[in-house]
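To start, the structure itself, in structure tokens.
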Amino acid sequence: MDSGIQISDILIVTAIMFFIGVYGFVTRKNLIAVMMALELIINAAAINFIMINKLVFKTNLHGVFFGLFIIAVAAVEVAIGLVIILNLYRLRDSIDPEEITTLKH
Amino acid sequence: MTERIIFYILAFIMIVLSLMSVTTTKIVRAAIYLLGVLMGTAGLFFLFNLNFLGAIQLTVYAGGIMVLIVIAILLTHNVGFGLPMPDRRHMLLGWFAAAVGITVAFLEFTRHIFVIGTENLDDRVAKIGADMLHYGEGGFVLPFEVISILLLTGIIAAIVIAKGGIPHKRPTPPSSKQS
Amino acid sequence: MNWSYTIWIPLLPLLSFVINGLFYGRMPKKMSGWLGTSALGISTLLSWVTAWKYFFNTPHQGPYEDITAWHTTWMHLTDRFTIDLGIYLDPISIMMLIVVTTVSFLVHLYSIGYMATEEGRNRYFAWLGLFSFSMLGLVLAPNLIQTYMFWELVGVSSFLLIGYYYDKPSAVKAALKAFIVTRFADGFFLIGILLYSYYSGSFLFEDINNIPAILESNGSLPVFMGLSALTWGLLLIFIGGAGKSAMFPLHIWLPDAMEGPTPVSALIHAATMVVAGVYLVARLFPAFHASDHGFALQIVAIVGTFSSLFAAIIAMTQMDIKRVLAFSTMSQIGYMMTGLGVSGIGEEGLGYTASMFHLFTHAAFKALLFLGAGALIHAVHSNSLKDMGSLRKYMPISHITFLIACLAISGIPPFAGFFSKDLILEAAFEKNKLIYAVGWITAGLTAFYMFRIYFMAFWGEDKVYAHKPHDPGITMTLPLIVLAIASALAGWLPFNEWVTSNHETLHTHFNIGSAAASVAIGLVGIIIAYILYKNPSMTPQKMSNRLGVVYQTVKNKFYVDEFYEGVTQQVILKRIATPIAWFDRHIVDGTMNLIGNTTVRISSIIKGIQSGDFQVYAFGILIAVIGLLVWLNYFIQ
């Protein structure tokens, strides 16, 4: 490409973003902060789809469409997730993930 | 060359902001840093002439989702509420895993030889719209419909859950009272 | 000739056991007794038919043949080692068949009356059926393994029946004692079986009794302390038999076994099970006789003679009527052992025939004595002779039948005991004068202690009874009468034609001198008892006081029980069991505890993983994905 930006550069940037998101996901002590880390992960994945379509496989627009769908699904996921967190907050008066241990039963 | 410089600047900003977003102890700041990352992503799209996608990124992500998150924060926290830091053991483990993952990804991406296509990508907005509603080869009308239904479902579900309107008790049937 | 119907003889009691046991509480109250009685009745009938067919209706030249009526391989373990079941008919097994089924039938009948007021009599009749089945399986066994199986089964039914009154601590103790002592002996029995069969190469009686063939096929057998392996095997087997037959020093369980219901004592501890040891020695008699010139047989004779004298002495001092009878049983079984011990084979086989004869007559009169004692106990509600007296006035049938039994056991002609006992003494006289002398004295003691209890119970002073004693009902008196007739007349049976060591007719000569001697000593015993106990007097008390320590020693059964208790407490528990327990608790349990604790510790470490914290789970997924990535990229070509 004329801009001279390598696809691998972009992929490395998104990988770093992805794993920072993962770090946030496993360490954050607040459910909303966890959701935000999740946004980072999803965003990194969406960038990958779009950029690979743009720079590598140029015959059609599949990557772009997937990027669009990911953004749409992320919107739904965030909406529902936040509503659930709000409900949880109402029920338990806490949004610390360490106190949400129903999964162990 | 200019584009490369702009890309590196954008990449640097995005990485630093995402780092700050997951490490800051103020939740509102974390939201603001995340907003920065998302806007940087939009900037990346604009850099590659993907104006439509950049616009979507800005409106849906940076606009809609961030507003939702900020409202959720407002409903659950006092603003300026300090986030608890993760304990050292978790932090070290998390960094270790992330570092391993990044290393593996880095090695993989530098090692792999990408076969770059030679033709030009037709990424006009008109083409995107046409393909989205096209039901032939390369058309995405079915996923489009699925996503629209998913969005509708999501909105309804959000309302139902947020209302918390599931009754805890059923009203006692009158017959049981009579007997 | 078809003999396969004989399988029903043991199976019918088993059926009675199964039905009574399974439908324990669900059948009418009186049904269980009649069910058991009719099952045994049919078995008895079949046994008598079998005996009649075998002795009178089978054409044979020379000796009676051994018949294997039915045979099957139950478990095929290796080519050399199979466990077979079968039915083996020969003169002694048929004789035992008659004894076991008849006594068992009469005891069943008697028990209907005796146990009429007991709550758990379905259980009682079920176990009685089990015992009859086991005993029949034992006498019909064609090989040592089957013998051993049924041997243990009679042991366990004996245990169950002794402990029938399980709410009585003494009965529970007695049952355990009987079980443990006989088990102890059975351990030696099993070792003996394995040792013997290892060298003889077979479990079948017809093979193991054929000592010349074993010697021929084996070349030379290992010798230990001057005795061949076969003799050692036989001695060990005899320990098992001595345990079951209550020979000194394994007799301690028999007096305590009198805690069981009296009909049980009559059936198991007088007529059938306790003679199993005698039967076993008779079964293996050719082997006993041929191995090392009959060394094992000499041991049998010594043990038998000593036990008979020992038990007779103790019997003179006991005040519990059933205990007197128990020691009397032991003494009489000692006689049978003596008879076998002094016997030869063929024309010298007088002891063998006499022993089997005595077994037969003893079953009749000892069962009668026990059932008669049961009738007394039923009437007086006490076992103790002190609570009895002048009962002849109230219980004429019991009185007459008991008197017949006493005369029979004392060896007064023409009652049954005279013939069989006299034959044993005669055989002993020819073999060994000392054994004869001991047997002769024992005969006098027997007469004395039997008439002692007879006079104390039926004569003597009139006691104050809560209820007026009376003869029991027809189900109880009928067995008494039948057994009294048998005790009176069984002596006239021509046993020397039927049951002999080589299955041929043995020619016996009536020896007037020996007979006169044994009748004389018997009469002396009776007369002494008459003088001392006919009328109430203080003489016996004075005599026992004058004897002092000796009397106390005898009354306490020579302190054999106390000796055993001391040995178990001081030596076995302190010196052996305690260190083993320590080892078990600290080494064996310690290892197990270590494993358990380690598991607990590991699990407490890894249970943090299953915390329910989704972030931990996500971390796990992350690790797995990265690991998978690395593996796929760098380790898969």
How would B:VAL115, A:VAL83 rank on accessible area, largest to smallest, probe 1.4 Å? B:VAL115, A:VAL83
For segment A:7-92, what class follows from the C-alpha gyration tensor (a ≥ b ≥ c being the square roots of its eigenvalues): rounded when a/c is under 1.5, otherwise prolate if a/b is larger than b/c, else oblate? oblate
Rounded percent of accessible protein surface that carbon and sulfur make up, segment B:1-85, 1.4 Å probe: 75 percent
From the Cα centre of segment A:56-87 to that of segment C:150-210, the distance in Å is 83 Å
With contacts defined as alpha carbon pairs under 8 Å and 6 or more residues apart, what's the relative contact order of segment B:1-85 in percent? 32 percent
Which value, in Å² rounded to 10, gives the accessible area of C:GLU348 with a 1.4 Å probe and all protein chains present? 130 Å²
Among A:GLY67, A:GLY81, A:GLY24, which one shows the highest mean-square fluctuation when chain A is modelled as a Gaussian network with alpha-carbon springs under 10 Å? A:GLY81
Zone reached by a paramagnetic label modelled 7 Å from B:LEU92 Cα along Cα→Cβ, restricted to segment A:22-66 with backbone N below 20 Å, covers A:23-29
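Take the Cβ-Cβ distance between C:SER4 and C:LEU194 as r, set R0 to 25 Å, and report the resulting FRET efficiency rounded to the nearest 0.05.
FRET efficiency, C:SER4 to C:LEU194: 0.20.
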Using a 1.4 Å probe on the protein heavy atoms only, what accessible surface does B:THR118 show? Give it in Å² to the nearest 10. 130 Å²
On Cα atoms only, tilt of C:433-458 relative to the major axis of chain C in degrees: 80 degrees
Residue-level accessible surface for C:TRP48, protein heavy atoms, 1.4 Å, Å²: 130 Å²
For segment C:428-477 and segment B:11-76, compute the distance between their C-alpha centroids and round to whole Å. 114 Å
Rounded to a whole number, what is D in µm²/s for segment B:85-138 from Stokes-Einstein with the Kirkwood radius over alpha-carbon pairs (10 °C, 1.306 mPa s)? 100 µm²/s
Taking a probe of 1.4 Å, how large is the accessible area per residue of the protein assembly as shown, in Å²? 45 Å²
Using the Cα centre as the reference, give the magnitude of the dipole from point charges on the C-beta atoms of segment C:139-217 (Lys, Arg: +1; Asp, Glu: -1; all else neutral), rounded to the nearest 20 debye. 500 debye
Label-point separation in nm, B:ALA55 to C:HIS76, each point 7 Å along Cα→Cβ: 9.1 nm
Shielding by partners for B:83-91, please: the mean number of other protein chain Cβ atoms within 10 Å of each residue's Cβ. 4
Using r as the Cβ-Cβ distance of B:THR25 and B:ILE159, and R0 as 41 Å, what FRET efficiency do you calculate, to the nearest 0.05? 0.80
Dipole axis of the protein assembly as shown (+1 Lys, Arg; -1 Asp, Glu on Cβ), positive-most option in B:LEU83, C:TYR196, A:LEU91: A:LEU91
Portion, in percent, of the accessible area of segment A:7-92 that falls on carbon or sulfur, probe 1.4 Å: 75 percent
Please compute the average number of Cβ atoms from other chains found within 10 Å of each residue's Cβ in peptide C:618-627. 5
Tell me the carbon and sulfur percent of the accessible area for chain C, rounded to whole percent, probe radius 1.4 Å. 69 percent
Largest-first ranking of C:HIS293, C:HIS76, C:HIS399, C:HIS358 by accessible area, probe 1.4 Å, whole protein assembly kept, is C:HIS293, C:HIS76, C:HIS399, C:HIS358
Just for the protein assembly as shown, what percent of DSSP beta bridges are antiparallel, to the closest 5? 100 percent
Rank these by accessible area, largest first, 1.4 Å probe: B:HIS90, C:HIS586, B:HIS134, B:HIS77. C:HIS586, B:HIS134, B:HIS90, B:HIS77
With axes computed from alpha carbons, what is the tilt in degrees of helix C:396-410 against the longest principal axis of chain C, rounded to the nearest 10 within 0 to 90? 90 degrees
Given the -39500 (n - 2.57) contribution per DSSP H run of 4+ residues, what per-residue ellipticity at 222 nm results for the protein assembly as shown, rounded to the nearest 500 deg cm²/dmol? -22000 deg cm²/dmol
Charge dipole of chain C built from unit charges on the beta carbon (Lys, Arg +1; Asp, Glu -1), centred at mean Cα; most positive-end Cα among C:VAL264, C:PHE510, C:ILE485 is C:VAL264
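Charges at C-beta only: +1 for Lys and Arg, -1 for Asp and Glu. How large is the resulting dipole of chain C about its Cα centre, in Debye rounded to 20?
So the dipole magnitude of chain C works out to roughly 2060 debye.
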Working from Cα positions, state the angle (0 to 90°, nearest 10) between the long axis of helix C:321-341 and the longest principal axis of chain C. 90 degrees
Given labels modelled 7 Å from the Cα in the Cβ direction, how far is it in nm from C:GLU497 to A:ASP9? 12.8 nm
Taking the Cα centre of the protein assembly as shown as origin, work out the dipole magnitude from +1 charges on Lys and Arg Cβ and -1 charges on Asp and Glu Cβ, in debye rounded to 20. 3020 debye
Please compute the modelled spin-label separation between A:ASN60 and C:LEU227, points set 7 Å along Cα→Cβ, answer in nm with one decimal. 10.0 nm
So for R0 = 25 Å, FRET eff. of C:ILE345-C:ALA213 from the Cβ-Cβ r, to 0.05, ends up at 0.95
Once Rh for the protein assembly as shown is found with the Kirkwood sum over Cα pairs, what is the Stokes-Einstein diffusion coefficient at 37 °C and 0.692 mPa s, in µm²/s? 91 µm²/s
So if I take the centroid of the Cα atoms in segment B:97-120 and the same for segment C:575-629, what is the distance between those two points in Å? 42 Å
Which one, C:ILE83, C:THR305, C:ILE145, is farthest towards the positive end of the dipole of chain C when Lys and Arg carry +1 and Asp and Glu -1 on their Cβ? C:THR305
Project the alpha carbons of chain C onto their principal axes and report the range along each, largest first, in whole Å. 112, 66, 52
Is there a simple number for the mean count of other chain Cβ atoms within 10 Å of the Cβ of residues in B:22-33, and what is it? 3
Just tell me, in residue order, which DSSP H segments of chain B are both 24 angstrom or longer along the helix axis (alpha-carbon based) and at least 1.6 in mean Kyte-Doolittle hydropathy. B:2-23, B:27-47, B:141-163
Counting protein heavy atoms only and a 1.4 angstrom probe, how many square angstrom of accessible surface do chains B and A bury in total, to the nearest 100? 6800 Å²
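The values are calculated or read from the model by the stated rules, or taken from the named source; none is laboratory data. No experiment lies behind these values; they were computed from the predicted model shown. So basically every Cβ, Gly included, is an ideal-geometry build from the backbone, and we count neighbours across all protein chains shown. Ligands, DNA and RNA are stripped out before the accessible areas are found, and what is left, the full protein with its side chains, is counted by its heavy atoms. Shrake-Rupley method; radii C 1.70, N 1.55, O 1.52, S 1.80 Å.
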